[in-house]
Amino acid sequence: MSRTRVHSFAVSLDGFGSGEPQSLEAPFGHAGQRLHTWMFATRFWGPDGSSGVDDALAQQHSVGIGAEIMGSHKFGPPGWQDDPDWRGWWGEDPPFHTPTFVLTHRPRPPLEMAGGTTFHFLDAPVAEALEVAREAAGGLDVRVGGGATVVRDFLAAGLVDHAHVVQVPILLGRGVRLWDGLESLEDTYAIEVVASPSGVVHLLLDRRD
Ligand SMILES: NC(=O)c1ccc[n+]([C@@H]2O[C@H](COP(=O)([O-])OP(=O)(O)OC[C@H]3O[C@@H](n4cnc5c(N)ncnc54)[C@H](OP(=O)(O)O)[C@@H]3O)[C@@H](O)[C@H]2O)c1
């Protein structure tokens with residue numbers, strides 16, 4: 001059975017998955033790169049990186065994944081819908097290598113990129129979007145790639161089977177929150193916590209049967 005997974009989704013100690021304001025120059029707003037420095041330090045990111053627990057968990061990102069779903073703000077800065085030439089932040093060979101579904105209220109025709117990534121633009125409720133992505137994943141799992149709004153919506157709808165959230169020891173104070181409205185999520189998910197020597201804490205959420 002195809003599962004729905006979240007990987008390496010980083011939040012600050014105060015629960016923000018992104019800073020603000022987002023712009024072309026600052027994809028994560030005032031958070032800059034601070035939510036992801038733990039990952040940049042791993043072998044997953046580069047050959048000189050570490051090979052400890054951060055790396056082991058980061059490596060899971062694409063294993064068995066056949067499609068990604070992301071939000072409109074992960075795909076581009078405010079106003080990208082008005083730019084017919086916008087093709088995402090990642091250049092011509094984005095790191096998804098699967099069909100990738102961008103949720104937006106202003107869909108456009110698909111964009112075929114190098115390396116197996118095709119961006120499809122979808123205006124649909126999350127459950128419907130998941131059905132479409134599952135079909136495209138050909139029996140493999142679907143990753144919900146962010147941002148915080150989309151991950152939160154999928155969690156709230158009970159559609160996520162496994163979530164790897166990384167709590168980073170910084171306080172952002174403002175931005176987009178992950179956990180808002182998800183009261184008592186621990187009732188529906190078994191939660192394991194792994195503290196890394198790097199200072200981040202990995203939260204592993206698995207939906208109870
Ligand atoms: N912390 C991490 O690990 C991580 C990972 C990935 C991304 N990020 C960051 O998170 C930020 C973006 O997060 P975010 O929470 O602001 O936004 P987001 O989740 O990327 O996107 C939310 C937007 O997607 C569209 N959307 C969502 N659900 C939809 C649906 N069912 N149907 C149609 N459209 C739908 C809406 O945009 P429209 O109304 O404009 O169409 C909505 O405002 C970025 O800064 C990104 O870099 C962080």
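Observations
- Count of residues meeting criterion [surrounded by 16 or more Cβ atoms within 10 Å (Cβ to Cβ) and either more than 7 Å from the ligand (Cβ to nearest atom) or part of a strand (DSSP E or B) (or both)] in segment 98-117: 9
- Filtered residues of segment 1-15 (kept if closer than 30 Å to E131 by Cβ and either buried (at least 17 other Cβ atoms within 10 Å of the Cβ) or modelled with pLDDT of 95 or more (or both)): S2, R3, T4, R5, V6, H7, S8, F9, A10, V11, G15
- Verdict on T117 being in contact (Cβ under 8 Å) with a residue 24 or more places away in the chain and within 18 Å of the chain's Cα centre (by Cα): yes
- Matching residues, segment 1-50, being away from the ligand (no atom under 11 Å from the Cβ), closer than 14 Å to V201 by Cα and outside any loop (DSSP other than H, G, I, E, B): T37
- Among the residues of segment 64-91, those identified as closer than 25 Å to R5 by Cα, away from the ligand (no atom under 11 Å from the Cβ) and not β-branched (V, I, T) are G64, G66, A67, R87, G88, W90, G91.
- Only one entry of G199, G173 meets the criterion of being in contact with a Pro (Cβ under 8 Å, 6 or more places away or on another chain), open to solvent by less than 80 Å² (accessible area, probe 1.4 Å) and assigned to a loop (DSSP other than H, G, I, E, B), and that entry is G199.
- Criterion (within 14 Å of the ligand (Cβ to nearest atom) and out of contact with any Lys or Arg (no Cβ under 8 Å at 6 or more places or on another chain)) met by exactly one of E131, E135: E131
- Checking the stated criteria, V160 turns out to be touching a residue at least 12 places away in the same chain (Cβ under 8 Å) and open to solvent by less than 10 Å² (accessible area, probe 1.4 Å).
- Test: H61 is within 13 Å of the ligand (Cβ to nearest atom), open to solvent by less than 80 Å² (accessible area, probe 1.4 Å), touching a residue at least 60 places away in the same chain (Cβ under 8 Å) and not charged (D, E, K, R): yes
The values are calculated or read from the model by the stated rules, or taken from the named source; none is laboratory data. The structure displayed is predicted, hence computed values, not measured ones. Heads up, the Cβs are rebuilt from the backbone with ideal geometry, glycines too, and the neighbour counts pull from every protein chain shown. Just the protein is used for accessible areas: all its heavy atoms, side chains included, with ligands, DNA and RNA removed. Shrake-Rupley method; radii C 1.70, N 1.55, O 1.52, S 1.80 Å.
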